[in-house]
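The values are calculated or read from the model by the stated rules, or taken from the named source; none is laboratory data. Small disclaimer: the values here were computed from a predicted structure and weren't measured. Neighbour counts run over all protein chains shown; Cβ positions are idealised from the backbone, glycine included. The accessibility values were calculated without ligands, DNA or RNA, using every heavy atom of the protein model including side chains. Shrake-Rupley method; radii C 1.70, N 1.55, O 1.52, S 1.80 Å.
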Amino acid sequence: MAPMDQLLSLLYLGLCIGNVDGFLSTSHAPTSSRHVTSSFDVPRPIQLYASKDDEEDPFAEGYDEGATGESPPETIAVTISTNLSDAKVKKLFAWIKCAFAYDGDPDDQYGYYYNDIQLAIAASFGENLPKDSLPVKLLEMALKKEDLLDLIDEQIVGEDNKEWEELCVGDVIGKSDREQASLGAMGAAQWTGQFMTRPHSLLDVRNYTSVDEWIKTLPRGCKRTLKKATPEAQNFTVVYKPIRGGDAAPHSSYAHFRCVVQHEVRLLSKMYGASNSAFINGLSEAIGRYMGTTRMAGSVREYRDSSTGKVIGFAHEASKGRTSRGQWFYCDDDAAQRFVWFHSVADLVKRAIEDDRIDTVDLGPSGSDAFTDLKQKYGFESVVDWPAAADYTSSGFIYDEDQNAGEDLGDDMMQMLKQLMANKRG
């Protein structure tokens, strides 16, 4: 990883003064999509200032041509800091919360622009943006909603901020929609015959009666690692949190977002080397993956430091048919040194062995050959035709008995009302 105080000069932001469709030209007109834009291949022009001629523009009053009367430069090279401080990541999260809130309303003059990752990163990590520029003004609006305006100048937010950090802010999503959102990451394209996905790493747990039997089959080095990967040895706790239909995801908070950001930036820097693109694309990946995991079904195992209570990572799991899938795993830089991933794998295997409904544990595809090899050391074979070995289709998603009780009750009531209306028409 590059030194934390390294500055990266990139992201050339353009200036479009014309009063066209709010801040940006119609070539970037808002759409109804709630997904965040994530391409950095060709940085597009981004307006830095509001038009001083637009009386309805709330930022127009702040437009300043300077003492010389000249307009600001048409382009600027934004200096991006690679320092993943809490202040900078909180700025980014405040911005992302506005993206969560945007519902595609064409009358929302600014909501659409919160869905732009390039603007989000420039505003949150930019070191030299003019204070009256569009990204900074949008960031101020986002921070004001969160009562975090002190972060504009990188001031320290007090330790009494834990309630804000752990507030779940994800969309309220029904069970069926969460299940639908989970299928792509599970690899449903292959078992439905649409196209081939990458090989999955599978472990058949029908061969074991206990997790100790599985551990006995592993190489000596793996056994030593798993002995270290315990809550007692590493000073962490693990809490089970079901993802319920009709509720916000239990990991849709800043505390969890911070883990995803650190995980993705660390991962891409290791895979491709410390570089401008690795850092920027790590942030971009983190935003997309965070929004993805918080829309899916299943449950999370939340890891916290035993001393501070701080969230240091989480494992997102989902079970369908007779397969238990390790869907996602993210941890911060601290947890990466505390064997948290190894504990999550052993814990998933243990529960799968003890559950008569499960035959296979699937750790999914790997981002590198090295990670595939690591999984194989723990007994997970890389299988090309994995749907033939992992049963995802014999039944639906597997839940705790009361996991979706509230939503199921609402569905039952709706069915009763529909039946009553049908009887009345009859």
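Summary of computed values
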quantity: Filter result (in a helix (DSSP H, G or I), closer than 19 Å to G221 by Cβ and under 24 Å from the mean Cα position of the chain (by Cα)) within region 343-372; calculated: H343, S344, V345, A346, D369, A370, F371, T372
quantity: Evaluation of Y290 against (1) open to solvent by less than 10 Å² (accessible area, probe 1.4 Å); (2) in a loop (DSSP other than H, G, I, E, B); (3) of a type outside the set (A, V, I, L, M) (one fails), failing number; calculated: (2)
quantity: Test: residue in region 151-161 that is under 25 Å from A249 (Cβ atoms) and touching a residue at least 24 places away in the same chain (Cβ under 8 Å); calculated: yes
quantity: Single residue of S201, S176, S182 found to be under 30 Å from D103 (Cβ atoms) and either open to solvent by 40 Å² or more (accessible area, probe 1.4 Å) or not in a helix (DSSP H, G or I) (or both); calculated: S176
quantity: Some residue of region 373-383 being open to solvent by less than 30 Å² (accessible area, probe 1.4 Å) and part of a helix (DSSP H, G or I); calculated: yes
quantity: Test: residue in region 159-167 that is more than 27 Å from G292 (Cα to Cα) and surrounded by fewer than 16 Cβ atoms within 10 Å (Cβ to Cβ); calculated: yes
quantity: Those residues of region 191-208 which are among the polar types (S, T, N, Q) and touching a strand residue (DSSP E or B) at 6+ places or on another chain (Cβ under 9 Å), in sequence order; calculated: S201
quantity: Unmet criterion (only one of (1) open to solvent by 30 Å² or more (accessible area, probe 1.4 Å); (2) modelled with pLDDT under 95; (3) within 22 Å of K270 (Cα to Cα)) for S366; calculated: (1)
quantity: Residue satisfying all of: in region 403-414; of a type outside the set (A, V, I, L, M), out of contact with any strand residue (DSSP E or B) (no Cβ under 9 Å at 6 or more places or on another chain) and open to solvent by 40 Å² or more (accessible area, probe 1.4 Å); modelled with the highest pLDDT among these; calculated: D408
quantity: Filter result (assigned to a helix (DSSP H, G or I), open to solvent by less than 70 Å² (accessible area, probe 1.4 Å) and touching an Asp or Glu at 6+ places or on another chain (Cβ under 9 Å)) within region 204-232; calculated: V205, V211
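Residue by residue, here is whether (1) under 24 Å from the mean Cα position of the chain (by Cα); (2) over 30 Å from S382 (Cα atoms) holds:
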{"residue": "P130", "(1), (2)": "no, yes"}
{"residue": "L138", "(1), (2)": "yes, yes"}
{"residue": "L151", "(1), (2)": "yes, yes"}
{"residue": "N161", "(1), (2)": "yes, yes"}
{"residue": "V169", "(1), (2)": "yes, yes"}
{"residue": "M196", "(1), (2)": "no, no"}
{"residue": "D204", "(1), (2)": "no, no"}
